[in-house]
Amino acid sequence: MPLQRSSFARSAALLALLCLGVAHAADEPIRVGFLTVRSGALAAGGKQMEDALRLFLKERNDTIGGRKVELFVGDTAGQPAITKTRAQELIERNKVHVIIGPLAAFEALAIDDTIRSSETPTISPSAAAEDLTQRRPNPWFVRAVGTSAQPSHPMGEYAATTLKYKRIAIVADDFAFGHETVAGFQRAFEENGGKVVQKLWSPLNVADYGTYIGQIKPNVDAVYAVFAGGNGVKFLKQYGEYGLKGKIPLLAGMTTVDEGILKSMGDEALGVVSSGWYAATIDNPNNKRFAAAINRDYKQDPGYYSIGAYGAALMLEEAVKAVKGKVEDKAAFMAALRNVRVANDPRGNITLDALGNPVMDVYIRKVERQNGKLVNAIVKTYPAVSQFWTYNRKDFLANPVYSRDYPPAAHLEK
Amino acid sequence: MKRLLLVAVAAAALTLPLWAGGAYYVNLASQVMIAALFAMSLNLLVGYAGLTSLGHAGYLGLSAYISGWLMLRLGWGHGASALAALAGTTATAALFGLVALRASGISFLMITLALGQILWGVAYRWADMTGGDNGLSGLTRPNPFGIDLAAPGHFYFFTLVVLTVVAGAIAMWVRSPFGASIRATRDQPRRASALGFNVSLIRWITFVVSGFLGGVAGLMYVYYHQFISPHSISLANSAEMLLMVIAGGPGTLVGPMLGATLVVLLKNLASAYVDRWVMLLGIVYVLIVLFLPGGIVAGLDRLGARLGRVPAAPRRTSEATPPPGATEASR
Amino acid sequence: MSFWLIQSLNSLALGGVLFTLAAGFSLIFGLMRIANLSHGAYFMLGAYVGLSVLDQGYGFGWAMLAGGLSVGALGAAVERLVLRRLAGKTLAQVLATLGIAFIIADASLWIWGGDPRPVSAPGFLRGAMQLFGLTFPAYRLAVLAMSIAIAIGLWLLLDKTRLGVMIRASVDDMQMARAIGIPASRLFTIVFCLGAALAGIGGVIAAPILSVYPGMDADMLPLALVVVILGGLGSLAGAFVGSFLIGFIYSFGQVLAPNLAYFILFLPMVVILAARPRGLFGRPMA
């Protein structure tokens, strides 16, 4: 009958259009914005992040959860003002669905309100500032790396209880990351019976560490050295040149002997004990594959920045799968991100706590030479460490944020 | 001809949100104007008074930090904290001026650099007050007459108004007899002194006003970014402002605006297309030096003169060759 | 006692490094009145070139030579093509030299990458020496010795050679010097080339202590400026004394006033400049 046929034709046409529409939405790529640093002092870390992210995309043929991925890269040059502009560009001009980045804590703070007002899900692959997931959490912000103090709490305990050090001198970069890392170490160390007898803060861009090394008290059991960027290279070299290597053992923060700079060091780094949530020597199939791929494509071991970016991408993938590819539904996507459980992260199982910070194993590592290459070999594992260590979350948050003077150092000697 | 140009530019500026192509570009325009505010404040010192300063970003930072801190920690309102910030910045400029103006030439450059670095170091180190390298975040924009400035378009017009007022004030000041005396201290300080002008006082007043206007720009900066950190007071930032002034055309009214436009657009747009945009920026600066001495404004003048076949009036900028008799000591 | 000794030695070593950095700047400014704001970039470039030479397996001496020659050549080119036309125009000089600094810095990032690169001292100078019961890196003492050698070399050049006489004459009174036939423009190129080469060699010498990293130019330039200003512009003796003075202020300042560490150099500079604008050894600029 003509009427039936036309109505059938109409509904068929409608159905076809619908399918086309749906197929179109699925054809539209997921637009991922990537904020990194390509110029200036932080460029090395930025490159490692970008390399790892591109490896991730290459492994998956630019497809996550069934949808293609389009990557937009913004170079922030390590400047908060430029970071904000790039973020706005990614959000307003490129209309990204999610941002991976930025690199530095101050950059993340600079775009805090932009993320909030634009409601853009953001996964930071490297900003470790405590308050980003403590006293000033942003509902649209999560991260793939831990807080500054997350690995230094266990280090403090390890130094006091296992290594049985009693008196420690600390030399650290004088900026927020250094302050927070040291604070965590000092708190755990002193609660376990140790005493921090000296704290030396060196400016980030200090010409040379001779002055600081010359001040280290000769009668300490160890020195805890916390440096970011390339400063660890200089410090360790000079530590050896002043004859302290072998005389006073060295403990270090995660970034002091990060794989990214370990490759530039020599024997002066051997034996340095550090703590971190990653080591290229982690023995599980996912990490073996990851480390091998990074070595094959970029000729170096993955470190802090590489695992941060790769981990962020893995979180993204899990969240996309959880919402079945519908990243346009921002609320659902963000909720999926916050509840993500990544089983195939090179670090093992990763979950986020209620504030958006990952709970991860922390490794005590020791620098050794394996097959002629310097690596962080794993000595001990503290499983499932959160940003609050063994402390009660409410009490922790009620205290002021870790800083240069909090917790106060009660045992400093003149 | 010039009037036509002015009308065209004004029309474009007033309708920018309509044709700019999206919120991103409107925001960029706001940034250009804020940079122009800085450049204009520095231009008073560099272009009109002939005193090259490499520490001007300090006033930006001081004003931003004071207003930010008062709002964040003491809960002050926008108006009160803005006034306090401007007062504090101007007082600091007055003090710094007393110290810096004892020197001239490269020594002046160095003292201003040092003073700027001291402010930077304090911002970094006094973390309890300033937040250290994490800075002060979570700041808000003002609500003048109940208008919400969070929207890019609203903020753009707010900035446009401020820029117009400041530019107008500077134009009036510079064209006044006092403005002429400033230029006199730049070109012929000994002669000016012989004629009875108090060269030191004139320079100091210019220094203070320049600092004050830098503070105004600082307020606009912190309102736009809602964030302030020591990075904004860095030597690199001071140098960038200075480059805006020089590239645009020192000692002119429009020069700083052109310089600001050049630098901000290059930094933000070029980096989308060119990986090595820092190098591009450097090359552009060198090219300007080689082919447009006197800055973009001087180049435009010459272009305009050639198009109009009218010999360009010799523009009195700080780089004009001093008449015979003046020695280097007069710089 | 040993504390004071170690910090004093540190200060002397740092002073040596600063002199290798500042000598070239002082020379250029003294003659040409050009504040070469690319100086930090030349220093860094020399260090990178030296690094590449060392990577290829050549010795430290070759690295120093390569660093000096390459940067010197660049300096000569820059002077001929760009700075020649900017005599007396401070603002244009600032724009030009900063622009060049940007270019060099970004090119270095492009060519050598963003990783910080440590540099090893020449083999026989590695390790520590025992001095008065202290352990002190041998290389730093060598830097001290090298800076003194450079100072003596420069003094001999300026005092005993024809070139030096011409330079000194031009510094004292440019117009008179021209009037008696001294080829000023060729002199300018030579001096700028020499100043840049000194920066390049300085970068290589300092590299085992400072290592080489992006952003080094921005860290070094203020130090050079501080030394030269404090010591007095255009005075080599001033640059020499200024370097060691700054070395001491920097080292002891960091120890005794750690709260001021971020601007320990700039406070005394403001004080001294406010009291004596021409620096310690400078001549009045008239």
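The values are calculated or read from the model by the stated rules, or taken from the named source; none is laboratory data. This one's a predicted model, so the numbers in the text were calculated from it and none came from an experiment. Cβ placement follows ideal geometry from the backbone for every residue including glycine, while neighbour counts extend to all protein chains displayed.
Observations on the model:
- Residues considered: C:ILE190, C:ILE209, C:ILE201, C:ILE229. Of these, the only one that is over 21 Å from C:ILE103 (Cα atoms) and within 13 Å of the chain's Cα centre (by Cα) is C:ILE229.
- Checklist (1) in contact (Cβ under 8 Å) with a residue 12 or more places away in the chain; (2) of a type in the set (Phe, Trp, Tyr); (3) at positive phi applied to B:PHE145, failing item: (1)
- Check on A:TYR305, buried (at least 24 other Cβ atoms within 10 Å of the Cβ), in contact (Cβ under 8 Å) with a residue 60 or more places away in the chain and touching a helix residue (DSSP H, G or I) at 6+ places or on another chain (Cβ under 9 Å): yes
Results for (1) touching a helix residue (DSSP H, G or I) at 6+ places or on another chain (Cβ under 7 Å); (2) surrounded by 20 or more Cβ atoms within 10 Å (Cβ to Cβ); (3) over 21 Å from B:VAL254 (Cα atoms), shown as yes or no for each residue.
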residue: B:THR15; (1), (2), (3): no, no, no
residue: B:TYR24; (1), (2), (3): yes, no, yes
residue: B:SER30; (1), (2), (3): yes, yes, no
residue: B:LEU42; (1), (2), (3): yes, yes, no
residue: B:VAL46; (1), (2), (3): yes, yes, no
residue: B:SER53; (1), (2), (3): yes, yes, no
residue: B:GLY61; (1), (2), (3): yes, yes, yes
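- Of the set (1) part of a helix (DSSP H, G or I); (2) more than 8 Å from every other protein chain (Cβ to nearest Cβ); (3) farther than 21 Å from B:VAL208 by Cα; (4) modelled with pLDDT under 95, all apply to B:MET33 but (4).
- Those residues of segment A:241-256 which are out of contact with any Phe, Trp or Tyr (no Cβ under 9 Å at 6 or more places or on another chain) and either modelled with pLDDT of 95 or more or within 10 Å of another protein chain (Cβ to nearest Cβ) (or both), in sequence order: A:LEU244, A:LYS247
- Failed criterion for B:GLY168 (all others in (1) more than 30 Å from A:ALA110 (Cβ to Cβ); (2) in contact with a Phe, Trp or Tyr (Cβ under 9 Å, 6 or more places away or on another chain) hold): (2)
- Some residue of segment B:201-213 being surrounded by 21 or more Cβ atoms within 10 Å (Cβ to Cβ) and basic (Lys, Arg): yes
- Scanning segment C:271-286 for residues that are modelled with pLDDT of 80 or more and either closer than 13 Å to C:PHE29 by Cβ or buried (at least 22 other Cβ atoms within 10 Å of the Cβ) (or both) yields one hit, C:LEU273.
- Close pairs from segment C:264-278: first at the interface with another protein chain (Cβ under 7 Å from one of its Cβ atoms) and farther than 14 Å from B:GLY55 by Cβ, partner polar (S, T, N, Q) and in a loop (DSSP other than H, G, I, E, B), Cβ under 9 Å, at least 6 apart: C:PRO277/B:SER104
- Looking only at segment B:97-122, and only at residues there that are more than 9 Å from chain C (Cβ to nearest Cβ) and part of a helix (DSSP H, G or I), the one that is surrounded by the most Cβ atoms within 10 Å (Cβ to Cβ): B:THR112
- Top-ranked residue in segment B:134-178 [being of a type in the set (Val, Ile, Thr) and within 30 Å of B:VAL122 (Cα to Cα); ranked as surrounded by the most Cβ atoms within 10 Å (Cβ to Cβ)]: B:THR159
- Hey, B:LEU86 at pLDDT 95 or above and in contact with a Phe, Trp or Tyr (Cβ under 7 Å, 6 or more places away or on another chain) or not: yes
- Odd one out for B:LEU74, checked against (1) away from every other protein chain (no Cβ under 14 Å); (2) surrounded by fewer than 20 Cβ atoms within 10 Å (Cβ to Cβ); (3) out of contact with any Ser or Thr (no Cβ under 9 Å at 6 or more places or on another chain): (3)
- 2 or more residues within 13 Å of chain C (Cβ to nearest Cβ), farther than 15 Å from A:VAL273 by Cα and of a type outside the set (Lys, Arg): qualifying strands (runs of 3 or more DSSP E) within segment A:149-240: A:167-173, A:195-202
- Residue satisfying all of: in segment B:247-289; within 9 Å of chain C (Cβ to nearest Cβ) and within 18 Å of the chain's Cα centre (by Cα); farthest from B:ALA217 (Cα to Cα) among these: B:TYR285
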